[in-house]
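Chemist: Got a structure for you, written out below as structure tokens; questions coming shortly.
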Amino acid sequence: MFSRRSFAALVAAVAGGAALAVSPVTPAQAIVGGKLATSAPWAVRVYEDGQPICTGAVVAPRWIITAGHCVRFDNSDISFRVGRLDQRRGQVVKRIPGHTVFAPNADVALVEIPPVKVTPIPLPAKTATPAKRGTPLTVQGWGATCEPNESSCQSNLLRQATVRVIAHTDKRCDLLAGTADYCAEKRSGLPVGGDSGAPALTYTKKGRAVLAGVFTASDREAVVAVADITKARAWVAKTIGAK
């Protein structure tokens, strides 16, 4: 019989979990390539039963956003480490039982926690529109820096990769069809397995980071799926009590 974690690892991206090389489309545990992140006060490492499985971001003092498949089991012991670029440090908090809310049309979840004193990632403006083809997205997460043996090269330090939005009609996106709003191609590094739930950022003209999406799946070679937060903004804002 599969455990909850084993089952999650074998399902497709929308119902996935920790990364195993058993499917061409899997949730992510790492950024292969890319570079070390230098600033990400909102970054969150997600743990299930004490084991690191995903990434997330603080969007309000009491709320973390991540991929829905990372936190779907109510009877799992879900905890988070927040506030540091090194996953071995920072504050550990646990989710409040019964206070996980799932987006109606995306693999995204909001998890309520006891309040934390970290800088949240700003939501896109109310008037923001979906990222256009060619838009770069910065994805931040912890995990392996190599393949295929990801367990041998887990990074304790937060890394980031740059991917670029492409059309869903691109044949490389076929395996990701229906899993997210954006299909994006590798530019500098590629998120793969455990990075699920990682924030995908865009930047304003003044260099301010904004939450554009949530990373949900990867083909582990060239393209990734990202849920569009401009479409989910009203749901996020209502859930966390933001304007």
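The values are calculated or read from the model by the stated rules, or taken from the named source; none is laboratory data. Note that the structure is a prediction, hence the values are computed from the model and not measured. As a convention, Cβ positions derive from the backbone with ideal geometry for all residues, glycine included, and neighbour counts pool all protein chains shown. Please note that ligands, DNA and RNA were not included when accessible areas were found on the heavy atoms of the full protein model with its side chains. Shrake-Rupley method; radii C 1.70, N 1.55, O 1.52, S 1.80 Å.
Chemist: Tally time: how many residues in the range 99-121 are open to solvent by less than 50 Å² (accessible area, probe 1.4 Å) and either at pLDDT below 95 or of a type in the set (D, E) (or both)?
Modeler: Summing the residues that are open to solvent by less than 50 Å² (accessible area, probe 1.4 Å) and either at pLDDT below 95 or of a type in the set (D, E) (or both) in the range 99-121 gives 3.
Chemist: Looking at this structure, is K171 among the basic types (K, R) and at pLDDT 95 or above?
Modeler: No, not satisfied.
Chemist: Taking the range 209-233 only, how many residues are touching a Phe, Trp or Tyr at 6+ places or on another chain (Cβ under 9 Å) and under 12 Å from P199 (Cβ atoms)?
Modeler: 7
Chemist: Further question: Taking only the range 200-243 into account, find how many residues are of a type in the set (V, I, T) and assigned to a helix (DSSP H, G or I).
Modeler: 5
Chemist: Also, I was wondering about something else. From the set of residues in the range 62-85 that are among the charged types (D, E, K, R) and within 17 Å of the chain's Cα centre (by Cα), which is nearest to A234 (Cα to Cα)?
Modeler: Result: R72.
Chemist: Right, next: Out of curiosity, is A184 of a type in the set (A, V, I, L, M, F, W, C), at pLDDT below 95 and either within 24 Å of K35 (Cβ to Cβ) or open to solvent by 10 Å² or more (accessible area, probe 1.4 Å) (or both)?
Modeler: Against the criterion (of a type in the set (A, V, I, L, M, F, W, C), at pLDDT below 95 and either within 24 Å of K35 (Cβ to Cβ) or open to solvent by 10 Å² or more (accessible area, probe 1.4 Å) (or both)), A184 does not qualify.
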